[in-house]
Amino acid sequence: MKKTLLRGLFNVLPLVLSIWLFWSLFESLDEVGSFLFGLVHITELFKGAGFLLILILLFVAGLLFSVSPIAWLYDFVIRQLMRFPFFKTVYSSINDIASLMSSDNKNKSQQTVLVHQANNTYVVGFIMSNDTPEPLTNALPSGDWVPVLFPLSYQIAGITTLVKREDLTVVDWSFEDAMRYNLTAGISISAKDKEEKEKEKEKEK
């Protein structure tokens, strides 16, 4: 009974938390949109009208940023604000996370690799970019060096190591699946495999 209860909990909990997270985001954006409606003396039309307004504004902003003068003006304002240390720190952190999540920045260079260690073990890493900053290239010995990210379990942060391409073993594994494996230390995949094996045993019976 305990095992069945835990199985139900672990299967339902991620769904409930995901729905709660998206609903909270919806509510927050809807409130912001309702506030904008209130500025022009428009009462709330229906539940979700504020959320739709925010989506429309974001779509319009995306169109405007495709126009060179608007993009230049935005970059100019950001450069001026970046002179303030606190703003620079906060904005840079949020911008880096947004860039990592953006589908526009996903490319074939995000490759899953294995890095051989001195004690004949391997570490799962990711080539995030094929370009190495010039200061690092000048400081390193000659060779084809690439930045490899080693994510830490249950954390967003990781360790970036410069490794020679010839020392890497390319793995035919999707970035998303390999990243999930690393961030959960293999627990998520192991649990999934175990559950599938249990289902197969039940079918055999």
On the formula 1/(1 + (r/R0)^6), with r taken between the Cβ atoms of Ser142 and Tyr91 and R0 of 30 Å, the FRET efficiency rounded to 0.05 is 0.20
Nearest-0.05 FRET efficiency for Leu15 and Val60 at R0 = 45 Å, using Cβ-Cβ distance, is 0.85
What distance in nm separates the simple spin-label points at Phe37 and Ser174, each placed 7 Å from Cα in the Cβ direction? 3.8 nm
In nanometres, the difference between 0.36 nm per residue of separation and the alpha-carbon distance of Lys164 and Ser129 is 11.3 nm
Length gained, Met1-Ile70, 0.36 nm per residue minus C-alpha separation, equals 18.7 nm
What trypsin sites (Lys or Arg not before Pro) does the range 42-88 have in DSSP loop regions with at most 16 other beta carbons within 10 Å? Lys47, Arg83
How much accessible area per residue does the range 1-77 have, counting only protein heavy atoms and a probe of 1.4 Å, in square angstrom? 82 Å²
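The values are calculated or read from the model by the stated rules, or taken from the named source; none is laboratory data. What you see is a predicted model; the values in this text were computed from it and never measured. Ideal geometry is used to build each Cβ from the backbone, glycine not excepted, and the neighbour counts take in all protein chains shown. All accessible areas refer to the heavy atoms of the entire protein, side chains included, with ligands and DNA or RNA removed. Shrake-Rupley method; radii C 1.70, N 1.55, O 1.52, S 1.80 Å.
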